[in-house]
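Okay, structure first, notes after.
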There are 2 protein chains.
Amino acid sequence: MNQKATATELNHESRLQSEDHQSIRLWLRLLTCTNMIEQRLRARLREEFATTLPRFDFMAQLERAPDGLTMGELSQRMMVSGGNVSGIANQLEGEGLIDRSPVPDNRRTLCVKLTDKGRTRFVDMAVAHEGWVVEMLGDLSQTEHQQIMQHLAQLKCAVVPLEG
Amino acid sequence: MNQKATATELNHESRLQSEDHQSIRLWLRLLTCTNMIEQRLRARLREEFATTLPRFDFMAQLERAPDGLTMGELSQRMMVSGGNVSGIANQLEGEGLIDRSPVPDNRRTLCVKLTDKGRTRFVDMAVAHEGWVVEMLGDLSQTEHQQIMQHLAQLKCAVVPLEG
DNA sequence: GTCTAACATTTTAGATTTAAAGTATCAGGG
DNA sequence: CCCTGATACTTTAAATCTAAAATGTTAGAC
């Protein structure tokens, strides 16, 4: 049986009392929101398509890049380690969903693309996936959507400069 | 060598073009922000304290609950599976950082608390951790902080009702 | 008291993920 | 050509995480 805790009011945020610092609270709320959504999507992908979020993400990146992506680009865009990408690529290639082909002018590089089979398979999932996300976030008004987007953009900019 | 991709402009959001739906974009932006912050914290905890985010999270939950928590409560608050909590608890107990003691009126339940050693160890990390988060998020103004908090609260409420 | 179902936790098996080391390729200087 | 260092990717070992099964406990129905 699945014992995963359902996320309700008892989550990361309960860690903090009111006197604690604002930034930490903001971070924990962000984490809670993301985890909640991520867990639902993960469960749905497993139940309805017998696949995982990283596999879906991998294919989604390729769908958006018709000319293909290198393994490194996939690693960057998915924000996971290179080794991880290699593993997922092995799976998907084994199932005939992607194609890893060498690039003429650089023998270190591989160009990864969706196969026709992969694209067909993905489109099916993408439609459902989008439905789930809209189901979760669609109740927010147009204005709220825009405001949150802007604020997260600001937040992203605030985080990025500390790169080094 | 660490090959983790550094998160800059090339992240989840690049997956989508402008014509795509708002909810998906919001979700991907949320994911990007969380991943960026999470990866930095993970790296810092490893470099400076030779520990991991889940271990830190485990101890943080206990620090905020002086009366202790059951394994189930920890699972809920950390938003991970029960088996996962058991594993981390074994580690921390082995290192003398936490204490798992039976509860008189319910022999199924265990009460987990930080040991003095654990609390000392944690406080050290928590101070640094808060510094890192403030470093990343502290540039946002008071007003921006509040607005994002409110919006994420709304977002959380929009997601939760679909629990079943 | 005995069943039955729910509960709290642990165990198990397997997949994912990571950081780091390893392999192969490229680019530039000498 | 031969280094050197950087780059692209894979492999490895260890930790994490999950879902499901297993174990032990409790509570309520009968």
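The values are calculated or read from the model by the stated rules, or taken from the named source; none is laboratory data. These numbers come from a predicted model, not from an experiment. Don't worry about glycine lacking a Cβ; one is built from the backbone with ideal geometry, like all the others, and counts go over all protein chains shown.
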Of all residues being free of Cβ contacts under 8 Å to residues at least 40 places away in the same chain and farther than 20 Å from A:ARG121 by Cβ in segment A:35-66, which is nearest to DNA strand C (Cβ to nearest atom)? Just the residue, please. A:GLU38
Any pair with Cβ under 9 angstrom, 6 or more apart, that starts in segment A:120-148 at a residue that is within 7 Å of chain B (Cβ to nearest Cβ) and assigned to a helix (DSSP H, G or I) and ends at one that is of a type in the set (Phe, Trp, Tyr) and buried (at least 18 other Cβ atoms within 10 Å of the Cβ): A:VAL133/B:TRP27; A:MET136/B:TRP27; A:LEU137/B:TRP27
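Can you name the residue in segment A:44-57 that is of a type in the set (A, V, I, L, M, F, W, C) and within 12 Å of DNA strand D (Cβ to nearest atom) and, of all such residues, is farthest from the other protein chains (Cβ to nearest Cβ)? Walk me through it before giving the result.
Let us first name the residues in segment A:44-57 that are of a type in the set (A, V, I, L, M, F, W, C), namely A:45, A:49-50, A:53, A:56.
Remaining after also requiring within 12 Å of DNA strand D (Cβ to nearest atom): A:45, A:50, A:53.
Details: A:LEU45: 14, A:ALA50: 19, A:LEU53: 10 Å.
Among those residues, the one meeting the criterion is A:ALA50.
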Do we find that B:ASP139 is exposed (fewer than 14 other Cβ atoms within 10 Å of the Cβ), among the charged types (D, E, K, R) and out of contact with any strand residue (DSSP E or B) (no Cβ under 9 Å at 6 or more places or on another chain) in this structure? no
Take the residues in segment A:60-80 that are within 7 Å of another protein chain (Cβ to nearest Cβ) and hydrophobic (A, V, I, L, M, F, W, C), then tell me which one is farthest from B:LEU30 (Cα to Cα). A:ALA60
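With the structure loaded, tell me whether B:GLU73 is under 17 Å from the mean Cα position of the chain (by Cα) and of a type in the set (Asp, Glu) or whether it fails that test.
yes
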Pick from segment B:70-102, criterion near DNA strand C (Cβ under 8 Å from one of its atoms) and outside any helix (DSSP H, G or I), ranking: surrounded by the fewest Cβ atoms within 10 Å (Cβ to Cβ): B:SER81
Consider A:ASP67 against the criteria (1) outside any helix (DSSP H, G or I); (2) away from DNA strand D (no atom under 14 Å from the Cβ): it satisfies all of them except one. Which criterion is unmet? (2)
Does B:HIS151 qualify as being closer than 22 Å to B:LEU31 by Cβ, assigned to a helix (DSSP H, G or I) and without any contact (Cβ under 8 Å) to a residue 12 or more places away in the chain? yes
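Yes/no per residue for (1) modelled with pLDDT of 90 or more; (2) within 15 Å of DNA strand D (Cβ to nearest atom):
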residue	(1), (2)
B:ASP20	no, no
B:TRP27	yes, no
B:ARG42	yes, yes
B:GLY72	yes, yes
B:SER81	yes, yes
B:ARG100	yes, yes
Check on A:LEU114, modelled with pLDDT of 95 or more and away from DNA strand D (no atom under 12 Å from the Cβ): yes
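Residue-wise test of (1) at pLDDT 95 or above; (2) touching a helix residue (DSSP H, G or I) at 6+ places or on another chain (Cβ under 9 Å); (3) among the hydrophobic types (A, V, I, L, M, F, W, C).
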site	(1), (2), (3)
A:SER86	yes, yes, no
A:ALA89	yes, yes, yes
A:VAL103	no, no, yes
A:ASN106	no, no, no
A:VAL123	no, yes, yes
